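Throughout, read-outs are computed from the coordinates displayed, never taken from laboratory work. Keep in mind it's a predicted model, so treat the numbers as computed, not measured. Here Cβ is always computed from backbone atoms with ideal geometry, including for glycine, and neighbour counts include all displayed protein chains.
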């Protein structure tokens, strides 16, 4: 059985606990849409824009205290996204960047709740 590359619509809606910005089409598979989700934790606001069929994932983090960006991440080779945690007070994603790579892949663990943390790891692909 082949592993799915991206969460489905219900899983994304559960994870973000909100619908994406305008342009969301319920009749079209979510991986073929350009979607923007906005949500927050206690200290930061997040904007996530995804174009999963194009393998793109963009994340902007803005501190609530002074409205300044504390991070902007723009990934162009996302081959898979897994929701690692989707519980009340715990939200975590895993991005696998393996498109157009031969010897190494990159994993990116993003924790949004309870507090923001981003961990980048490079792994030998074994090829």
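Quick check for you: which residues of segment 38-67 have the amide N under 15 Å from the point 7 Å beyond the Cα of residue 19 toward its beta carbon?
What the label zone holds, given the 15 Å backbone N cut-off, is 38.
Rounded to the nearest 500, what is the 222 nm mean residue ellipticity of the chain from helices alone, with -39500 (n - 2.57) per DSSP H run of 4+ residues and division by all residues?
-1500 deg cm²/dmol
How much length would be gained if the chain were fully extended between residue 115 and residue 85, taking 0.36 nm per residue of separation minus their Cα-Cα distance, in nm to one decimal?
Numbers: separation 30, 0.36 × 30 = 10.80 nm, distance 1.32 nm.
Once the chain is fully extended between residue 115 and residue 85, it gains 9.5 nm.
So for the chain, what are the equivalent ellipsoid semi-axes in whole Å, largest first, each being the square root of 5 times an eigenvalue of the Cα gyration tensor? Spell out each step's value before the answer.
Working: eigenvalues 106, 72, 38 Å².
Square roots of five times the eigenvalues give 23, 19, 14 Å.
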